[in-house]
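Reviewing the structure listed below.
The values are calculated or read from the model by the stated rules, or taken from the named source; none is laboratory data. Just so you know, these numbers come straight off a predicted model, no measurement behind them. Ideal geometry is used to build each Cβ from the backbone, glycine not excepted, and the neighbour counts take in all protein chains shown.
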């Protein structure tokens, strides 16, 4: 029906235009002079033009005024445009960035609010850490039980991973956890553009770093998004230390390295045990450091892989990069986060001493 109506309108417009041209043709012919030689008398270059009094009067003044206005436009307008253009471009970039953040927030929303329920698992729109329902299977008995998986906070995700590493996690998920593949490359429902806008949103909720050496902190083109030399704010370090103190109070005789390795579940975004201790993520930890998503750290394997403490400290600070070598003949997969911007050198050293004692 729409097509038929559109066609009818097009035919009406065509008919009106055609009739108009035919009418113009006949009226123009009727008004034309038919006598021989009239075309010479009607030629514009043969007609007398304005005399000097008319040309040098108000007509000339109007032309001069127009020239002055055009000159003002070029002399003043163009430099003003040149001065304001960088600000306009920056404003356009900021507007587009805000637009991406809004799109990403819509994707991050809970299912009830039309999103993909990232907020439902990771602790709301600020992603401060939450819980996700999950079913785990006992490999020995085959028993299946429902658990609450402690999903990590994402407001410090770029302190530990690069943007491309986070993109990989979003695309392919985390095996053996509630974090499924969300990107199309991993079989998920999100397009590449969805993933990009989600990354921009995650950048926007990161805790502002301290101690920046440059002004590029949280730039859309930065990778990772934490500024050069920056670290988590003092308030976050206070949270970590508070969790350490709580662990030491509950476990007399434990070292600071052990506490940092096994931080309580509420501060699990910073815990080594999340990846290196089976069952830790759902409140049923097995043997400490015996391996889960990350490899087994017990039995002297760590000391063999990293001959010196300095090698291991360097690795923990920077994390692994996909394809990059580390330790003794190790090749990174990008799964091990870097903690150099999250923890102090003293805290990392304490963790290394504890892990090498396992």
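Residue-wise test of (1) surrounded by 16 or more Cβ atoms within 10 Å (Cβ to Cβ); (2) touching a strand residue (DSSP E or B) at 6+ places or on another chain (Cβ under 6 Å); (3) in contact (Cβ under 8 Å) with a residue 12 or more places away in the chain; (4) at negative phi.
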| site | (1), (2), (3), (4) |
| --- | --- |
| 290 | yes, no, yes, yes |
| 299 | no, no, yes, no |
| 305 | yes, no, yes, yes |
| 309 | no, no, yes, yes |
| 312 | yes, no, yes, yes |
| 317 | no, no, yes, yes |
| 321 | yes, no, yes, yes |
| 332 | yes, yes, yes, yes |
| 335 | yes, no, yes, yes |
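Rundown of residues vs (1) within 27 Å of residue 271 (Cα to Cα); (2) free of Cβ contacts under 8 Å to residues at least 60 places away in the same chain; (3) assigned to a strand (DSSP E or B); (4) more than 15 Å from the chain's Cα centre (by Cα), yes/no style:
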position: 121; (1), (2), (3), (4): yes, yes, no, yes
position: 127; (1), (2), (3), (4): yes, no, no, no
position: 131; (1), (2), (3), (4): yes, yes, yes, yes
position: 136; (1), (2), (3), (4): yes, no, yes, yes
position: 139; (1), (2), (3), (4): yes, yes, no, yes
position: 171; (1), (2), (3), (4): yes, yes, no, no
Looking only at the stretch 242-261, and only at residues there that are within 30 Å of residue 203 (Cβ to Cβ) and crowded, with 16+ Cβ neighbours inside 10 Å, the one that is farthest from the chain's Cα centre (by Cα): 244
Pairs, first assigned by TED's automatic domain parsing to the domain that holds residue 340 in the stretch 256-272, second modelled with pLDDT under 80 and crowded, with 20+ Cβ neighbours inside 10 Å, C-beta under 8 Å, six or more apart: 260/270; 263/270
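Return the total of residues in the stretch 103-112 being without any contact (Cβ under 8 Å) to a residue 60 or more places away in the chain and either assigned to a helix (DSSP H, G or I) or not assigned by TED's automatic domain parsing to the domain that holds residue 204 (or both).
Step one: filter the stretch 103-112 for residues without any contact (Cβ under 8 Å) to a residue 60 or more places away in the chain, giving 106, 109-112.
Narrowing further to those that are either assigned to a helix (DSSP H, G or I) or not assigned by TED's automatic domain parsing to the domain that holds residue 204 (or both): 106, 111-112.
Going through the stretch 103-112 one residue at a time, the tally reaches 3.
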Residue ID - modelled with the highest pLDDT, chosen from residues in the stretch 33-82 that are touching a helix residue (DSSP H, G or I) at 6+ places or on another chain (Cβ under 8 Å) and surrounded by 10 or more Cβ atoms within 10 Å (Cβ to Cβ): 50
All helices (runs of 4 or more DSSP H) inside the stretch 256-336 with 2 or more residues being modelled with pLDDT under 85: 301-305
All positions within the stretch 95-123 that are surrounded by fewer than 16 Cβ atoms within 10 Å (Cβ to Cβ) and under 21 Å from residue 207 (Cβ atoms): 97, 98, 102
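Would you say residue 249 is modelled with pLDDT of 85 or more, in a helix (DSSP H, G or I) and over 30 Å from residue 93 (Cβ atoms)? Spell out the reasoning first.
Working: modelled with pLDDT of 85 or more: yes; in a helix (DSSP H, G or I): yes; over 30 Å from residue 93 (Cβ atoms): yes.
When the stated conditions are applied, residue 249 passes them.
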So residue 340, is it in a loop (DSSP other than H, G, I, E, B), surrounded by 15 or more Cβ atoms within 10 Å (Cβ to Cβ) and touching a strand residue (DSSP E or B) at 6+ places or on another chain (Cβ under 7 Å): no
Matching residues in the stretch 173-189 - criterion: being in a helix (DSSP H, G or I) and in contact with a helix residue (DSSP H, G or I) (Cβ under 6 Å, 6 or more places away or on another chain): 185, 186
